[in-house]
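Let me begin by presenting the structure, written as structure tokens, before commenting on it.
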Amino acid sequence: MFKDGSWFYKVFVGGLFVALCATTLGIPVIVGYQVKHVRGMIAREEDIMPDWKNITGMFRDGIAVLCALAIYLAVLVSATLVAGAAFSLTRLGVSIGIVMFFWMPLVVIQYAKRPTLFACFALVTLTSPVAKSPSTFAATIGISCAVMTAVFALGWMSLIIGWPFVIFWGITVHSHILGQLARLQ
């Protein structure tokens, strides 16, 4: 990240979009930025962090990934209801956690490779990072979870004003790790 001469500007703009996540407007843009970052890592571009160009394209990519994740979440919740489990907020929280921490990285990588909503449901290619190298996938998820936990836990130290920027930095590190996993495929 620090090899990029304009890293401060990129983190600043990303932090503003993280702050906009409170209105849900920033969420698709941040997810689209993750897709753009993974796509750049796959293409082995020199610029580590993507520029904030074509925000409408990032928004569109983010919406597609979020729609795919919503469908996966609906299927997971429906399956637990069909299995006879009573609906509870705990089960919903566990379902959201599974989709966000284990399935979202796979969907982001798949969409970065093939930018269509239907590509997010090609289960064989979607799960190929897990099938080809389960230990690498587990390490990727573990490191990403550790980074994001540290960012959320320690972000308050940067005071309220700096917290969105620290969170965006963590999202960027997470995206970079996902890009490295995607390169291995």
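See the values below:
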{"read-out": "Prolate/oblate/rounded call for the stretch 1-44, Cα gyration tensor, a/c under 1.5 rounded", "value": "oblate"}
{"read-out": "Whole-Hz ³J(HN,Hα) from phi, Karplus 6.51 cos²θ - 1.76 cosθ + 1.60, for the stretch 4-20, glycine and proline x", "value": "7, x, 10, 4, 5, 4, 5, 5, 4, 5, x, x, 5, 5, 4, 4, 6"}
{"read-out": "Portion, in percent, of the accessible area of the stretch 1-59 that falls on carbon or sulfur, probe 1.4 Å", "value": "66"}
{"read-out": "Ranked by how many other beta carbons lie within 10 Å on average, peptides 139-152, 99-112 from highest", "value": "99-112, 139-152"}
{"read-out": "Carbon/sulfur fraction of accessible area - the stretch 98-185, other protein chains in place, 1.4 Å, %", "value": "80"}
{"read-out": "Integer Hz, Karplus 6.51/-1.76/1.60 couplings in order for the stretch 174-183, x for Gly and Pro", "value": "4, 5, 5, 5, 5, x, 5, 5, 5, 4"}
{"read-out": "Percent of C-alpha pairs per 5 Å bin, the chain, short to long", "value": "1, 8, 15, 20, 21, 17, 10, 5, 2, 1, 0"}
{"read-out": "Label-point gap, in nm, between CYS145 and ILE98 - each point 7 angstrom along Cα→Cβ", "value": "1.4"}
{"read-out": "Listed residues VAL173, VAL75, VAL35, most fluctuating in the chain (Gaussian network, C-alpha, under 10 Å)", "value": "VAL75"}
{"read-out": "Under Karplus coefficients 6.51, -1.76 and 1.60, residue-wise ³J(HN,Hα) of the stretch 101-109 in Hz, glycine/proline x", "value": "8, 10, 8, 4, x, 5, 5, 4, 5"}
{"read-out": "Gaussian network model of the chain, springs between alpha carbon atoms under 10 Å - residue of GLY26, GLY14, GLY162 with greatest fluctuation", "value": "GLY162"}
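The values are calculated or read from the model by the stated rules, or taken from the named source; none is laboratory data. Please read all numbers here as calculations on a predicted model, not as lab measurements. With ideal geometry, Cβ positions are generated from the backbone for all residues, glycine too; neighbour counts draw on all protein chains shown. SASA here: full protein model, heavy atoms, side chains in, ligands and nucleic acids out. Shrake-Rupley method; radii C 1.70, N 1.55, O 1.52, S 1.80 Å.
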